[in-house]
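Working notes, structure below.
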Amino acid sequence: MLNGLILFVGIVFILWLGRSIFIPLLVATFMWYLINAISAYYRKVFPFNKSRDIRYPVPARVFDWTSNILAAATIAGVIYLFITQIRPMSSELIAALPAMQTRIIDLAEYLSAQMGVKLDASLIPNISKIATNVGISAASIATTIGMIAVYMIFMFVEQSTFNRKFAAMFPNKRQSKKMRYIISSIDTNMKKYLFVKTFISAVTGILSYVWLRSLGLEFAGVWAFIVFITSYIPTIGAIVACGLPILYSLINAPTLQQPILVACGLIGLQIIFGNILEPKLTGKTLNLSTLAILINLVFWGMIWGVAGMFFSVPLLVATFIITAQFDSTRWLAVLLSADGKIPDKKEE
């Protein structure tokens, strides 16, 4: 027990100490996996499926690389859309933050006077400082783009050798079969999670934009983009996605009508898509405990910050599937599950 605790603390310390290496590697792995997932979809819909025949290695290789390039172009298009459409609006919002901070203080002073409570101004969050810290974090991530790109290039270069390396790592046929089963299960569940999550997040973001735009709220595109991005962060993401535009509307609108409508619309969308529809689409596959997701979110957030929060669910899915396949760790899979039901163990 003590040895296990020491090992766990040691692993956590290494993950925290090496975050500048592990986070870019994790992002690169995620992007590599995402490109492969999109590429696999393109290969299914391409009219040239016969070119994948292994009897014709050159056309098959060209076919695969073409689908990979199209997948990378898809992601690049999304990034380009962000840069050209969202970033200029974000700059305008950042420029307006000091005035927003003044209005927040004025609103807090008004509410405290009405309730007869003395206000301590130091307790009011400084949104300008928070935005600056977020910008610094984003800039630090941007500086690692080169490292991420290098990781991804080598992953694609060595992708064709993965099967041979895997066979060399697990020469025993039973062990190899079990490990392939684990990897296949993780791949299946991860693709379903990413597809459903991205689809739900995109629909929620689009509907949020339409709703906020119809109400005349400024920076509707930025708020909708925040809704889309933060949807990947469990629990806290929904609070941020709803809280920021509601707060902005509250301190800028002349009456309470707009803030109330903003709150009703955004919270309603989060309940419908995040709390009702998404669990029905992913629940049977993921079957993860809400408490486990929350604890996992806090754990990775403490170690790797915002990046850890984004990847907390995929990491938990992988942990859940792996621990379910070994007798010594199946109890942990039971704790991570929502109802005690865990994947069947593949016998060696």
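The values are calculated or read from the model by the stated rules, or taken from the named source; none is laboratory data. What you see is a predicted model, and the numbers here were worked out from it, not measured in a lab. Quick note on the areas: whole protein, heavy atoms, side chains included, nothing else; ligands and nucleic acids left out. Shrake-Rupley method; radii C 1.70, N 1.55, O 1.52, S 1.80 Å.
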For the range 173-329, alpha-carbon Rg and Dmax in angstrom: 18.5, 71
Which of K280, K197, K177 is most accessible, then next, and so on - probe 1.4 Å: K280, K177, K197
Share of Cα-Cα pairs in the range 230-291 lying beyond 14 Å, as whole percent: 62 percent
Accessible surface of the range 230-295 [probe 1.4 Å, protein heavy atoms]: carbon and sulfur percent: 75 percent
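Cα convex hull of the range 218-257: how many Å³ per residue?
Taking the convex hull of the Cα positions in the range 218-257, it is 56 Å³ per residue.
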